[in-house]
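Structure, as structure tokens:
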């Protein structure tokens, strides 16, 4: 649940490659429609919105969802199963810790002249005794034992929650990487279509003496470089797919279909608010605080057990064949006479556990503050760069490409200049998707340390 109300950042107004492809068709394949297409390029948002919507619908219809992957990972992870069972076990220890020790029942036979067991009723000087005894911890000891067990149970639950949150974050990080490679591969595929068209036109013009051979060579070189980028992205995707499959505990070779489109989530809150949310909600910190609470209770318990005796009561009924029956009762005390070698060291043990857990909490607080600050800066930087690409670089590169196409048609620039314009424009689009992934990944990291959902 997201408690922050911020303005939803807008995605790119149009898919650059669709516009570029239309430009190239106008310039090289359909010369009679050049002016009409150019007019569309100057105001592309309305013309290309249908293409963008269709592309989005196609991806979402066949794309794997982030929520589905997270749910599958949480269900399949054996570590979470172990932690759930550990929590169940810790919770079951609470009533045990609060309970009284088991009572003791005794049965004994005493005889003077007859050695046969339980034959005392045949002898005037024999008896059978039935006894009962119960240890009674000092006041407050049972309560402290229950509080220690309860704190340990709560710490186990927070450990489970922290592990689930870490796993969710890891799935999201891998998913956003996969989303970037899918979008980048789609850009390269469309780029190759454009370059193939340019290559065909260049070869046709060269064959009739209207272009130079270097134009054909330059296009082919550009296509080869594109194929290299494509191979590297496919390798990166395969690695990311294996990583996701590992998180889902299934065969690394299991295919994962194309991801759904990733929308830019609202801007995260300021750093101070993130630190406050982390202090209140982070399961890692909650776990350590529950452990500190348990350590405090355990220290108080050790001090009380060292200071006060353990009380016991007993009752014995004596049955005799000739003389009257009688009963005895009494009180026992378990005295801490060896406190110098036992109870004192129990206190030192619990004090050391408390100090160690407190140090862990301080260390984790410092580390989380650093990671939150780092992720917040990366998110802010990525958001600014996304806006820069949306509002500046992408539309400017599109206009520059349009100008280069017109100049090439009139022979004012060479093919290499046109290709550089095309490459720069498409690189900006690819970079946009990379920045979007980086932004979402930074938010996913903040989610892990705050326990609050920031990604959509």
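Between residue 331 and residue 355, the FRET efficiency estimated from the beta carbon spacing at R0 = 35 angstrom works out to 0.35. At an R0 of 51 angstrom, the distance between the Cβ atoms of residue 273 and residue 230 translates into a FRET efficiency of 0.75.
Projected label points at residue 263 and residue 141, each 7 Å from Cα along the beta carbon direction, are separated by 6.2 nanometres.
Residue ranges 344-355, 326-337 sort as 344-355, 326-337 when ordered by packing (mean number of other C-beta atoms within 10 Å per residue, highest first). Placing R0 at 45 angstrom, the Cβ-Cβ distance between residue 67 and residue 98 gives a FRET efficiency of 0.65 after rounding to 0.05. Once the Cα-Cα distance is subtracted from the 0.36 nm per residue extended length, the residue 324 to residue 409 segment shows a gain of 17.7 nm.
Once the Cα-Cα distance is subtracted from the 0.36 nm per residue extended length, the residue 339 to residue 91 segment shows a gain of 86.2 nm.
Every number here is computed from the coordinates shown, using simple stated rules; none is lab data. Remember, it's a predicted structure, so these values are computed and weren't measured experimentally. Cβ coordinates were reconstructed from backbone atoms using ideal geometry, including for glycine residues, and neighbour counts include every protein chain displayed.
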